[in-house]
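The values are calculated or read from the model by the stated rules, or taken from the named source; none is laboratory data. What you see is a predicted model; the values in this text were computed from it and never measured. Cβ atoms come from the backbone with ideal geometry, glycine included; neighbour counts cover every protein chain shown. Heavy atoms of the whole protein, side chains included, go into the accessibility calculation; ligands, DNA and RNA do not. Shrake-Rupley method; radii C 1.70, N 1.55, O 1.52, S 1.80 Å.
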Amino acid sequence: MKGQILIVSGPSGSGKSTLLSRLLKEEKDLYFSISTTTRAPRQGEAHGVNYYFTDEKEFKKGIDEGEFLEWACVHNNYYGTSLKPVLRALDAGKIAIFDIDVQGFNIAKSKLGGLITSVFITTANKSELNFRLSNRGTDSAQTIQKRLENAVGEMEHILEYDYFLVNDDLQSCYENLRSILRSMRLRTLSLNVEEIIKNWNN
Ligand code: ADP
Ligand code: 5GP
């Protein structure tokens with residue numbers, strides 16, 4: 001059994017964490033890749049749960065030591081995906097989920113493209129994104145402004161992804177995301193053909 005990777009990208013505040021935390025609760029054999037970041041923890045975030053929080057010196061050491069499958073600078077902070085735990089999850093036949101930005105997605109695609117299914121998630125419009133970021137109450141007005149500006153550039157990359165979801169109604173967006181995940185489980189990529197043929201012959 002071979003694992004696969006599901007990459008979810010989209011503007012900050014579009015609802016990626018909300019959708020993924022439900023998916024992780026309700027679906028089996030998933031591995032959520034906890035990124036390392038130099039961003040400060042938000043209220044309610046915990047080290048080793050949402051992110052591994054670190055400083056720039058340690059992050060750069062990680063880059064030099066080849067720790068990251070991909071890393072990028074997003075909204076003035078570093079974010080990276082550690083390679084080793086992802087390889088372990090893939091070996092165990094799991095679907096590894098990355099919540100990463102467009103730059104990181106393209107790096108991951110250049111290295112492990114054959115294993116990746118990708119989804120771009122956004123809001124119905126920019127003002128809804130602004131509303132959600134403000135309503136979330138975790139970021140300053142300046143940070144929100146930066147995230148909104150960044151969102152416009154991110155939207156230009158939609159066509160690089162396999163799927164596009166508008167997270168307007170949470171329930172229907174969740175169901176669409178779950179359908180994508182379930183279709184991944186049906187891909188021949190993850191099959192143990194020898195075992196299937198052996199059983200089929202019996
Ligand atoms: P991201 O992980 O993409 O930055 P979050 O999951 O933190 O986004 O969601 C941003 C805010 O929007 C949160 O306060 C969340 O509760 C809210 N939210 C998520 N999805 C919806 C939705 N479909 N409708 C309304 N609010 C939503
Ligand atoms: P936030 O600060 O809102 O948690 O995340 C900001 C952005 O960084 C989001 O677009 C998120 O997908 C992205 N991000 C989170 N972790 C990683 C990572 O490991 N690598 C890359 N390239 N982007 C990441």
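Rundown of residues vs (1) outside any strand (DSSP E or B); (2) over 14 Å from the mean Cα position of the chain (by Cα), yes/no style:
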site	(1), (2)
Ser12	yes, no
Leu19	yes, no
Leu24	yes, no
Arg42	yes, yes
Trp71	no, no
Tyr79	no, no
Leu87	yes, yes
The condition from (1) open to solvent by less than 20 Å² (accessible area, probe 1.4 Å); (2) among the hydroxyl-bearing types (Ser, Thr, Tyr); (3) within 15 Å of ligand 1 (Cβ to nearest atom) that Tyr51 misses is numbered (1)
What's the total number of residues in region 104-123 that are open to solvent by 60 Å² or more (accessible area, probe 1.4 Å) and within 16 Å of ligand 1 (Cβ to nearest atom)?
0
I'd like the full set of residues that are open to solvent by less than 60 Å² (accessible area, probe 1.4 Å) and either within 25 Å of Asn150 (Cα to Cα) or within 12 Å of ligand 1 (Cβ to nearest atom) (or both), limited to region 24-45.
Phe32, Ser33, Ile34, Ser35, Thr36, Thr37, Thr38, Arg39, Arg42, Glu45
Condition (residue is away from ligand 2 (no atom under 11 Å from the Cβ) and crowded, with 20+ Cβ neighbours inside 10 Å) applied to region 15-22: is it met by at least one residue?
yes
Per-region count, region 147-178, residues surrounded by fewer than 17 Cβ atoms within 10 Å (Cβ to Cβ), among the acidic types (Asp, Glu) and touching a residue at least 24 places away in the same chain (Cβ under 8 Å):
3
Which residues, taken from region 44-69, are of a type outside the set (Gly, Ala, Ser), within 26 Å of Tyr174 (Cα to Cα) and not in a strand (DSSP E or B)?
Glu45, Val49, Asn50
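Test Leu129 against the stated conditions and say whether it is in a helix (DSSP H, G or I), away from ligand 2 (no atom under 13 Å from the Cβ) and either touching a residue at least 12 places away in the same chain (Cβ under 8 Å) or under 20 Å from Leu177 (Cβ atoms) (or both).
Here the answer is no, as Leu129 does not meet what is asked.
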